[in-house]
1. Is it true that some residue in the range 99-110 is within 22 Å of Met49 (Cβ to Cβ), within 20 Å of the chain's Cα centre (by Cα), surrounded by 14 or more Cβ atoms within 10 Å (Cβ to Cβ) and of a type in the set (A, V, I, L, M)?
2. Of the numbered conditions (1) touching a Gly at 6+ places or on another chain (Cβ under 9 Å); (2) surrounded by fewer than 20 Cβ atoms within 10 Å (Cβ to Cβ); (3) in contact (Cβ under 8 Å) with a residue 24 or more places away in the chain, Ser123 fails exactly one; give the number of that condition.
3. Does Ser81 satisfy the criteria of being without any contact (Cβ under 8 Å) to a residue 24 or more places away in the chain and open to solvent by 70 Å² or more (accessible area, probe 1.4 Å)?
4. What number of residues in the range 49-78 are under 13 Å from Leu8 (Cα atoms), without any contact (Cβ under 8 Å) to a residue 60 or more places away in the chain and buried (at least 17 other Cβ atoms within 10 Å of the Cβ)?
5. Please enumerate the residues belonging to the range 26-35 that are open to solvent by 50 Å² or more (accessible area, probe 1.4 Å) and more than 16 Å from the chain's Cα centre (by Cα).
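The values are calculated or read from the model by the stated rules, or taken from the named source; none is laboratory data. From a predicted model like this one, the values you see are computed outputs, not experimental measurements. For neighbour counting, all protein chains shown are included, and Cβ atoms are generated from backbone atoms with ideal geometry for every residue, glycine included. Each accessible area value is taken on the protein alone, full model and side chains, heavy atoms only, with ligands, DNA and RNA left out. Shrake-Rupley method; radii C 1.70, N 1.55, O 1.52, S 1.80 Å.
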Amino acid sequence: MAITNQALFALKLFSALGCGLIAGIFFAFSSFVMNALARQPAALGITAMQSINIAVINPSFMGVFLGTAAACIFLAVSSLSRWHQLGDPYLLLGSLLYLAGTVGVTILCNVPLNEALAKVDPSSTEGGSLWASYLAKWTFWNHIRTVAALAAAASLTIALCYQGARSS
């Protein structure tokens with residue numbers, strides 16, 4: 001099934017904006033949210049992060065996070081079938097950066113850390129020990145997700161520019 005140029009443009013735009021929005025959310029966590037939580041007593045920081053990890057599972061965030069992933073899967077496959085088009089290498093690169101560097105890192109690194117944190121009693125000694133390790137590891141992987149999502153947004157934007165140049 002062929003996709004029209006307008007539909008492809010809209011999908012690229014949605015994906016670039018989605019990657020940028022997710023990059024901004026992750027940037028906020030890397031630049032000040034985790035730092036603010038680290039300044040709290042461990043029990044308060046843990047309780048707050050446990051609450052955030054529950055609240056983030058909502059239609060608006062998950063719709064953008066997973067909707068962008070679905071669009072990137074489609075764009076990656078599309079770019080392989082249209083490889084001769086200018087800009088399609090950027091389309092593939094942006095899609096793979098988001099899928100591997102953002103979604104993949106989330107699933108393989110951040111979610112397991114969140115699941116371990118969810119199981120601890122915030123006021124326990126075990127919770128305090130886990131919290132120090134969690135802050136460092138979770139934030140490191142979040143930096144990776146942030147850079148990957150931002151680079152994906154940039155690459156998809158370049159792909160959009162090539163499509164715009166082709167149609168003018």
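1. Filtering the range 99-110 for residues within 22 Å of Met49 (Cβ to Cβ) gives 102-110.
Filter once more, keeping what is within 20 Å of the chain's Cα centre (by Cα): 102-110.
In the following step, the residues that additionally are surrounded by 14 or more Cβ atoms within 10 Å (Cβ to Cβ) were identified as 102-106, 109-110.
Next, from what is left, pick out any that are of a type in the set (A, V, I, L, M): 103, 105.
Checked the range 99-110: at least one residue is within 22 Å of Met49 (Cβ to Cβ), within 20 Å of the chain's Cα centre (by Cα), surrounded by 14 or more Cβ atoms within 10 Å (Cβ to Cβ) and of a type in the set (A, V, I, L, M).
2. Tallying (1) touching a Gly at 6+ places or on another chain (Cβ under 9 Å); (2) surrounded by fewer than 20 Cβ atoms within 10 Å (Cβ to Cβ); (3) in contact (Cβ under 8 Å) with a residue 24 or more places away in the chain, Ser123 fails exactly one: (1).
3. Values: without any contact (Cβ under 8 Å) to a residue 24 or more places away in the chain: yes; open to solvent by 70 Å² or more (accessible area, probe 1.4 Å): yes.
Yes, satisfied.
4. The total comes to 1.
5. Within the range 26-35, the first condition is being open to solvent by 50 Å² or more (accessible area, probe 1.4 Å), and the residues that meet it are 27, 31-32, 35.
Across the range 26-35, the qualifying residues are Phe32, Asn35.
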